[in-house]
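Here's the structure we're looking at; comments come further down.
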Amino acid sequence: MIGTIGIIGAGNMGTAIAKGLVAAAVVAPDNATAFDVDETKLKALGADPGVKLAPDLATLAGGSDTIIIAVKPQSMAELLRDLAPHVRESNLVISIAAGISTAFLEEKLPPGTRVVRVMPNTPAMVRTGATALCSGSQTTGEDMELATRLFSALGTVVTVDERMMDAVTALSGSGPAYFFYLAEKLRNAAVDQGLPEKEADELVRQTLFGAGRLLRETDASPEELRARVTSKGGTTAAACAVFDETDLSGIVSRAIAAAVSRSKELGL
């Protein structure tokens, strides 16, 4: 078990983190506390057993060993201003806000505050997330180990240098949206070819689920797995030829570059 956890923000990611940590028994029941200025979201999270609700930031910080900040980047400066007076020397502060640097967090929080920057993604909601961590200037090895244990309860965790976090944001942070976008377009294309929408939807869901699991659970590379279902002159080859003709590789590269650029623009 890990000590007491305070989660600021009861949106999708804050809720996923709270529920995941309790469900995985990483945090003891009632050792997770949440706060959000949106009372509707907070009450919805509080309906789950094992998560307590705090009436304000002071209460949350005062009862938490580790504070996880799960608010939007645009709200971070104001949140840190309100939180800073309540942060103790013993607290570890973890931020999941895209683009918010550890230097910015350290500047706004009391001197010496230990911070960890985290980029999770929405599959954490079903404990299959991909999370990257990086440390601040005051962070200890024990702090990073604790953060790794916390987010390992929600999926896979890697540690990267902070200068790589914009690329992580563009890849795994935004990546689920690219996947869902592909699912949407595959379903619609199948419907255009006459397949009923219900059946098209079910086939797309299972196909992408199965392909993802195959990629995750074998040692074969994406290139190898693709080759195994691409017979020369076959249907898959015909489809892949269209992808190549339309420069899908270049499109993906430009899309990732655009997301990296936007992450840097949002950064503080």
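The values are calculated or read from the model by the stated rules, or taken from the named source; none is laboratory data. As the structure is a computational prediction, the values presented were derived from the model and not from experiment. Because the Cβ atoms are built from the backbone with ideal geometry, glycine has one as well, and the counts that use them run over all protein chains shown.
Considering segment 195-268, the qualifying helices (runs of 4 or more DSSP H), each wholly inside and each with 3 or more residues that are surrounded by 12 or more Cβ atoms within 10 Å (Cβ to Cβ) and modelled with pLDDT under 95, run over 248-266. For segment 37-77, give me the residue count where each residue is surrounded by 16 or more Cβ atoms within 10 Å (Cβ to Cβ), more than 10 Å from Ile7 (Cα to Cα) and of a type in the set (Ser, Thr, Tyr). Residues in segment 37-77 being surrounded by 16 or more Cβ atoms within 10 Å (Cβ to Cβ), more than 10 Å from Ile7 (Cα to Cα) and of a type in the set (Ser, Thr, Tyr): 1 in total.
Of all the listed residues (Val158, Val191), the sole one being modelled with pLDDT of 95 or more and assigned by TED's automatic domain parsing to the domain that holds Pro73 is Val158.
This table checks each residue for (1) outside the structural domain of Pro110 (by TED's automatic domain parsing); (2) within 30 Å of Lys264 (Cβ to Cβ); (3) of a type in the set (Ser, Thr, Tyr).
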site	(1), (2), (3)
Gly9	no, yes, no
Gly14	no, yes, no
Ala28	no, no, no
Asp36	no, yes, no
Ala47	no, no, no
Gly62	no, no, no
Ser75	no, yes, yes
Ala84	no, yes, no
Val87	no, yes, no
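Residues satisfying the criterion are absent from segment 110-122 (criterion: out of contact with any Cys (no Cβ under 6 Å at 6 or more places or on another chain), surrounded by fewer than 18 Cβ atoms within 10 Å (Cβ to Cβ), outside any loop (DSSP other than H, G, I, E, B) and of a type outside the set (S, T, N, Q)).
Could you go through segment 60-76 and let me know if any residue there is farther than 14 Å from Ala32 by Cα, in contact (Cβ under 8 Å) with a residue 24 or more places away in the chain and in contact with a Lys or Arg (Cβ under 9 Å, 6 or more places away or on another chain). Yes, there is a match, as at least one residue in segment 60-76 is farther than 14 Å from Ala32 by Cα, in contact (Cβ under 8 Å) with a residue 24 or more places away in the chain and in contact with a Lys or Arg (Cβ under 9 Å, 6 or more places away or on another chain). Taken as a whole, segment 84-97 holds at least one residue that is hydrophobic (A, V, I, L, M, F, W, C), in a helix (DSSP H, G or I), within 30 Å of Asp166 (Cβ to Cβ) and modelled with pLDDT of 90 or more.
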